1. May I ask you to list pairs of residues, at least six apart or on different chains, whose Cβ atoms are under 7 Å apart, with the first in the range 271-289 being more than 16 Å from Asp312 (Cβ to Cβ) and the second being surrounded by fewer than 17 Cβ atoms within 10 Å (Cβ to Cβ) and among the aliphatic types (A, V, I, L, M)?
2. For residues that are touching a Lys or Arg at 6+ places or on another chain (Cβ under 6 Å), part of a loop (DSSP other than H, G, I, E, B) and at pLDDT 95 or above, tally how many sit in the range 37-66.
3. Of everything in the range 119-134, what is within 23 Å of Gln54 (Cβ to Cβ) and in contact with a helix residue (DSSP H, G or I) (Cβ under 8 Å, 6 or more places away or on another chain)? Give them in sequence order.
4. Can you pull out every residue in the range 178-197 that is buried (at least 19 other Cβ atoms within 10 Å of the Cβ) and among the polar types (S, T, N, Q)?
5. So, Glu352, is that one part of a loop (DSSP other than H, G, I, E, B) and more than 30 Å from Val429 (Cβ to Cβ) or not?
6. Report, by residue number, each residue of the range 126-157 that is surrounded by 13 or more Cβ atoms within 10 Å (Cβ to Cβ), of a type in the set (D, E, K, R) and assigned to a loop (DSSP other than H, G, I, E, B).
7. Just one of the numbered conditions (1) more than 30 Å from Asp78 (Cα to Cα); (2) in a helix (DSSP H, G or I); (3) at pLDDT below 85 is not true of Ile169; which one?
8. For the range 225-323, give me every one of the helices (runs of 4 or more DSSP H) that falls completely inside it and has 2 or more residues that are loosely packed, with under 13 Cβ neighbours inside 10 Å and of a type in the set (Gly, Ala, Ser).
Amino acid sequence: MQAIEEELEFDTPLEEEVEEADVQAGRNRIFTDQGDPEIDSLYKKWKRGKLIVQADFQRQFVWDSKKSSRLIESSLLDIPLPVVYISQEKDGNEYVIDGQQRLTSFFSFIDGRFPDGVDFRLSGLKVFSEYNRKRFTELSAEDQDKVRCCKIRTITFRKESDPNLKFEIFERLNTGSVSLNDQELRNCIYRGPYNQLLKKLATDSEFMSLMGITKPDTRMKDIELVLRFSAFFHQTYLNYKPPMRSFLNNEMEKYQFITESESAILRAGFKNSVIIIKSVLGTNAFKRYYKGSDSDPNGHWEPKKFNASLYDILMYSFAKEDKNQVFQNLDAVQEALIYLMTSDQEFIDSIELSTSSVQAVTKRFDKWRLTLHEVIGIQHKEPRCFSHALKREMFATDPSCEICGQQIQLVDDAALDHIEQYWRGGKTVRENARLTHRYCNWSRSRKD
């Protein structure tokens with residue numbers, strides 16, 4: 001989650017884009033009402049359930065205590081507040097589409113606690129510093145009235161307005177210090193069963209385990225990752241066109257009202273990939289493996305950094321594979337992936353440089369797809385790779401690298417090298433195997 005700045009900066013709307021009573025777009029129209037209600041009036045409407053401030057398509061409350069407190073201070077100082085935009089819907093309720101953070105701050109202060117249950121005590125005030133640490137109920141009656149009677153300009157899009165235009169305008173309002181990210185915008189613009197399905201899949205326990213998270217991401221990054229899988233699952237990498245943002249937007253638009261049968265197919269493919277990847281890579285899923293160097297031949301897994309390019313190809317490639325066939329070759333699949341990440345420079349470039357270009361996307365998908373099929377597809381008479389079991393056996397016997405002589409720290413960093421190289425006719429048998437660092441083996445292949 002991104003850090004929130006200390007200074008209170010409102011997300012200033014592009015008022016000139018929406019303040020006209022009607023916005024004409026072909027036959028589509030926008031109808032608006034304007035008003036200056038008091039905070040107390042909005043608060044009571046919210047309490048009755050008629051004003052939805054934190055709808056399920058919105059992001060959650062992300063302001064910190066100091067930003068919220070300085071908003072309250074602004075009301076005490078009679079500083080005009082930015083416009084709040086509201087959408088009137090056919091269910092009879094009104095939904096806040098811009099101003100959620102501000103209204104939640106006011107309502108939380110009046111109630112005495114933030115949405116997460118933490119007490120709301122004023123903090124970081126500069127003008128009314130004597131009010132720091134105070135709750136709403138501890139203010140004077142006069143100051144409580146100033147907060148409740150604070151007026152705020154609202155523009156309401158009436159329910160007869162075109163829904164697509166309303167949310168196009170919402171996207172234009174997305175400016176300022178705590179802007180909605182792409183997925184939060186999609187969550188608002190493309191509401192429907194597909195959006196709900198993505199949220200549901202993001203809470204899958206096995207998926208969350210792979211992601212290394214225990215609760216949903218507050219900025220919906222986990223949901224965007226599910227969308228990435230779904231976009232490639234439906235459209236395939238052969239139909240990918242940059243930028244990635246548009247690729248994902250098109251996916252949301254096309255499947256906004258996904259059918260039950262389509263949902264079932266997507267859920268099955270998603271679950272299949274998650275189960276296989278957890279078995280193949282476990283906690284190292286979607287992380288780069290780096291070979292060593294001349295100064296230190298020991299390689300290592302990237303401890304924290306998530307690689308979206310690896311995520312894309314792995315989730316895509318296993319969605320429709322037979323689990324039993326993959327499980328019979330788990331060690332070989334892992335070895336093949338680590339080999340690409342350490343020895344194939346074209347593949348390495350495709351997951352690190354200009355990763356969203358058509359060339360990079362096509363290159364990494366093609367290379368991994370062909371490599372995977374070599375492992376789990378038709379068996380060759382003479383296998384190229386030694387078995388993982390033999391590597392573990394030789395590592396347990398003597399973990400020394402037979403090229404540099406230094407000890408190999410991790411079994412994943414160990415490679416079984418053909419003494420007489422494979423491309424020269426060397427057999428993939430124990431007698432022709434020696435244990436090396438991956439880096440040393442890579443260096444040797446370049447020098448021979």
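1. Qualifying pairs under 7 Å: Ser279/Leu330.
2. Within the range 37-66, residues that are touching a Lys or Arg at 6+ places or on another chain (Cβ under 6 Å), part of a loop (DSSP other than H, G, I, E, B) and at pLDDT 95 or above number 0.
3. Within the range 119-134, Phe120, Arg121, Leu122, Ser123 qualify.
4. Of everything in the range 178-197, those that are buried (at least 19 other Cβ atoms within 10 Å of the Cβ) and among the polar types (S, T, N, Q) turn out to be Gln183, Asn187, Asn195.
5. Taking the combined requirement at face value, the residue satisfies it.
6. Within the range 126-157, Lys134, Arg135, Arg153 qualify.
7. (1)
8. Output list reads 260-281.
The values are calculated or read from the model by the stated rules, or taken from the named source; none is laboratory data. Every value quoted in this text rests on a predicted model; they were computed, and no experiment measured them. We place every Cβ from the backbone using ideal geometry, glycine too, and count neighbours over all the protein chains shown.
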